[in-house]
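A short worksheet on the structure shown next.
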Amino acid sequence: MNQQDFNKKFIECIRTGENTEELLTLMKSFSRLPSDRALEVYREDYQARLTDALKNTYRALHAVLGDEDFLLLARDYLKNYPSSYSDLDDYGDKMDAFLRGHLLSDEYPFLSQLAHFEQMFRKIFHQEEVNGLQATDLQTVITDESANLQLVPSAVVLSYDFSIEKIFSSCLSEDDSSFDFLIPQSILMFKKNGLVKMHLLSINQSETLKKFHTPLSFSACIKIAPATMTPDEMQSLFLIIGLEQILLKS
Amino acid sequence: MKNVNGPLLTNIYGVGLRNVHFNYLEQSPQLFTGWFEIISENFFRTKGRPRAILEKLRRDFPISCHGVSLSIASYEDFDWDYLKDLKNFFHEIDPFLISDHLCFTGLRQNNLHNLLPFAYNEENLIHISARIHEVQEFFGRKMGFENLSAYFDYKESTMSEWEFINELLKRTDCHLLLDLNNVFVNSHNHGFQVDDYLEAIQFEKVQQLHMAGFSERENFYFDTHSKPLYPELIELYKKVLQKNPHIPVLYEWDEDIPEFPVLEQQIIHLSNIRAEFIK
């Protein structure tokens, strides 16, 4: 067997256990470690590396599930999704979709959304920090109907059916006080001074701010803002936008 | 091929930059280490904190970029997007050495993220030489390739590891990143003499040494980078000093990583040994 074919069969063997007998005929055993044991070492190593990568990205998910269930989830994920990444830390980006149909979500219905939140956290963490307009500049721009604004790339507005930010925070702080996780949450996640920060938003605020995922003038945004949005909601949203510098002139 | 080595290192001892030490290094402590090696893939596509720390350190320290995903022994085409991003990254960081491993890591759509051995034979020598030429041409500079620890050998191997490496160095003019821990672990597991290996290797091609602590299970050694220096490794280093005492040395610690000063103790120890040697 040439090296190219060996490589393919070796990889299948590590992932699925297939081809083991055939590979063993091509491998030279060491007295201290027989070839079948060597294959096990590589298999265990593969699973440990990718599972650790998932643990690093999904720390809250790991905390919710505990070691045993997280390990089972990781094994399932590995079976379904081989890595196609050069950086191992990128592995696991389909976890939210995978969890939507997973048995564990019957017990913990928020898992998929928690995974999505952690993916977004990672994405913003690695994003280049961009500071948008300061409050004073914003005052000028919002009166200009031709000036379009857009969220900076290091900010995102997220909406969930569950109290995801609360679940995330309590997992990482090991806070075991009880709370109602069934309350929906909208979150502004952004990067400032090298850190990932968040503000909780009302539904009206998040619907309004989401419009700025694509370029839009401030006056146009006001026109299509939810009719139920109160002046207080609008004012506090404006304060956040100015304070955190999350809108850019596009 | 251009040989980009950058400024000569004033201190030849370096350590691997790992995120558990970011908080410590952000405080700009007084350091012994003369340079840092980074895992390129952990830094080349992020604009986050890892990149900020790297850029801060780069202002004061030479950097060596060591990759884990080139998969030079693969039979698939290179991932050119990956190579282009790496090339841009090298341009920005200006490392004194770029390197990866003599191994394959999996398939493009099925990366095992491990350093996997291949048969030491003419077929692979021709194939890997061509790929090294291709990638060195693309980067416009020589690369270093690290010998790896392997937990099995191939019946189709027709030469020893050192014979293969020597021939590869001759055919490609690449550098060797000699991992002494891997040599030692392989010698124990495969049953060859370390001296045979060291006597055969062309030390003029060695641009960097890696040293680390291994772990042992059922009298088999595993290259875990999880321990302080072993006396056997120190003895091996003394042999290398006799060959060339000026090769930059990196201490790697990747599992159960200790506080930074404990890591630095390893290279301080090695530096003291060298000082005694060249006195």
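The values are calculated or read from the model by the stated rules, or taken from the named source; none is laboratory data. Predicted model only: the values in this text are computed from it and were never measured. We place every Cβ from the backbone using ideal geometry, glycine too, and count neighbours over all the protein chains shown.
Scanning region A:130-143 for residues that are more than 28 Å from A:GLY194 (Cβ to Cβ) and modelled with pLDDT of 85 or more gives a single hit, A:THR140.
Residue count for region A:81-99, restricted to those that are in a helix (DSSP H, G or I) and modelled with pLDDT of 95 or more: 5. Only one entry of B:ILE126, B:ILE93 meets the criterion of being surrounded by fewer than 22 Cβ atoms within 10 Å (Cβ to Cβ), closer than 30 Å to A:LEU39 by Cβ and of a type in the set (Val, Ile, Thr), and that entry is B:ILE126.
For the residues B:ILE268, B:ILE247, the requirement of being in contact (Cβ under 8 Å) with a residue 60 or more places away in the chain, over 29 Å from A:PRO34 (Cβ atoms), out of contact with any Gly (no Cβ under 9 Å at 6 or more places or on another chain) and not in a helix (DSSP H, G or I) singles out B:ILE247. In the set (1) more than 10 Å from chain B (Cβ to nearest Cβ); (2) of a type in the set (Ser, Thr, Tyr); (3) out of contact with any helix residue (DSSP H, G or I) (no Cβ under 7 Å at 6 or more places or on another chain), the condition left unmet by A:THR51 is number (3). Within region A:100-123, the set of residues being within 15 Å of the chain's Cα centre (by Cα), over 19 Å from A:VAL156 (Cα atoms) and assigned to a helix (DSSP H, G or I) comprises A:ARG100, A:LEU111.
Scanning region B:174-189 for residues that are buried (at least 20 other Cβ atoms within 10 Å of the Cβ) and not polar (S, T, N, Q) yields B:CYS174, B:HIS175, B:LEU176, B:LEU177, B:LEU178, B:ASP179, B:LEU180, B:VAL183, B:PHE184, B:VAL185. Entry remark, region B:112-133: residues being within 7 Å of chain A (Cβ to nearest Cβ) and either of a type in the set (Val, Ile, Thr) or more than 20 Å from the chain's Cα centre (by Cα) (or both) number 3 in total. Test of understanding: among A:SER202, A:SER146, A:SER170, which residue is without any contact (Cβ under 8 Å) to a residue 12 or more places away in the chain and not aliphatic (A, V, I, L, M)? Exactly one residue qualifies, and that residue is A:SER170. Of all residues in region A:124-139, one or more are within 29 Å of A:VAL64 (Cα to Cα), without any contact (Cβ under 8 Å) to a residue 60 or more places away in the chain and part of a helix (DSSP H, G or I).
Residues in region B:89-111 that are touching a residue at least 40 places away in the same chain (Cβ under 8 Å) and within 14 Å of chain A (Cβ to nearest Cβ): B:PHE89, B:ASP100, B:HIS101, B:LEU102, B:CYS103, B:ASN111. Residues that are crowded, with 16+ Cβ neighbours inside 10 Å, within 30 Å of A:ASP176 (Cβ to Cβ) and charged (D, E, K, R) are absent from region A:25-45. The set of residues in region A:52-65 that are surrounded by fewer than 20 Cβ atoms within 10 Å (Cβ to Cβ), in contact (Cβ under 8 Å) with a residue 12 or more places away in the chain and under 16 Å from B:ASP254 (Cα atoms) contains only A:ASN56. Checking each residue in region B:41-71 for being more than 9 Å from every other protein chain (Cβ to nearest Cβ) and assigned to a helix (DSSP H, G or I) picks out B:ILE53, B:LEU54, B:GLU55, B:LYS56, B:LEU57, B:ARG58.
Among the residues of this structure, B:ASN147 does not count as one that is away from every other protein chain (no Cβ under 14 Å), in contact with a His (Cβ under 8 Å, 6 or more places away or on another chain), buried (at least 23 other Cβ atoms within 10 Å of the Cβ) and over 13 Å from B:SER74 (Cα atoms). Among the numbered criteria (1) more than 27 Å from B:LYS47 (Cα to Cα); (2) in contact (Cβ under 8 Å) with a residue 12 or more places away in the chain, which single criterion is violated by A:ILE164? It fails just one condition, (1). Only one of the numbered conditions (1) part of a helix (DSSP H, G or I); (2) within 13 Å of chain A (Cβ to nearest Cβ) is violated by B:TYR24, and that is (2).
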